[in-house]
Amino acid sequence: MSVRPTTDKVRNAVFSVLFDTVEGAHVLDLFCGTGSYGIEAISRGADKAVFVDTDVTFVKKNIKDMEDSTDIIKGDVIKILPTLTGKFDVIFIDPPYGKYAPAELLGMIADGELLAEGGTIVFEESFRSPFDVANTDFFIENEKKYGDTKIYYLAAGGGGK
């Protein structure tokens, strides 16, 4: 299997933290894999979800009957991020653990002005991987550990570039 699906426990915990911020939201699901984050957001009232990954096989199968509220972009997230436009209320980032520098991805989001005012970034990473957001436009509002998984909730207003 080429994806590491987020466990139900972690996904449910994330949406408990996000609570009602998802209703009516525009959501970006980076490194979407199966699309579990974006699909869950749609099921909880998000207006739109955009899925990005190099392999969109699984997400295509999983969004049946949701085509009106979803877009799928197949490609390398690093190459796609600079081409995205619009504002997203919630951005999920779930890269292969330890493969991408969080600051690089966050910098690209800041450069593209992709996070809506008051929006949240949910970044999933291994608790063993370094997570440095210094010198980015974001700060960690909250973080939770679930086994090997660590979820970081970020908001705009970090140390600046």
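Each reported figure results from applying straightforward, stated rules to the coordinates on display, with no laboratory input. All of these numbers come straight from a predicted model, not from anything done at the bench. Please note: Cβ atoms are built from the backbone with ideal geometry, for glycine as well, and neighbour counts cover all protein chains shown.
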* For each pair in 48/145; 74/144; 60/150; 99/145, compute the distance between the two Cα atoms and list the pairs where it is over 23 Å. => 48/145; 74/144; 60/150
* Using +1 on the beta carbon of Lys and Arg, -1 on that of Asp and Glu, and nothing else charged, what's the dipole of the chain about the Cα centre, debye to 20? -> 500 debye
* Rounded if a/c is under 1.5, else prolate if a/b beats b/c, else oblate: with a ≥ b ≥ c from the C-alpha gyration tensor eigenvalues square-rooted, which is the chain? -> rounded
* **GNM top mover of 118, 35, 107 - the chain, alpha-carbon springs below 10 Å** => 118
* Structure fact -> Out of 18, 155, 33 - ranked by how far each Cα lies towards the positive end of the dipole of the chain, with unit charges on the beta-carbon of charged residues - the top one is 33
* Asked: Hey, with R₀ at 41 Å, roughly what FRET efficiency would residue 145 and residue 79 work out to, going by the Cβ-Cβ distance, to 0.05?
  -> 0.85
* Structure fact -> Taking 0.36 nm per residue of separation between residue 19 and residue 64 and subtracting their Cα-Cα distance, the length gained on full extension comes to 13.7 nm
* Point-charge dipole on Cβ atoms (K/R +1, D/E -1) for the range 44-138, about Cα centre, debye to 20 -> 320 debye
* To do: Sticking with the crude label model, points 7 Å out along Cα→Cβ, report the distance from residue 135 to residue 57 in nm, one decimal please.
  => 3.9 nm
* **Cβ-placed point charges (K, R +1; D, E -1), dipole of the range 67-116 about Cα centre in debye, nearest 20** => 220 debye
* DSSP beta bridge pairing in the chain, given as percent antiparallel to the nearest 5 -> 40 percent
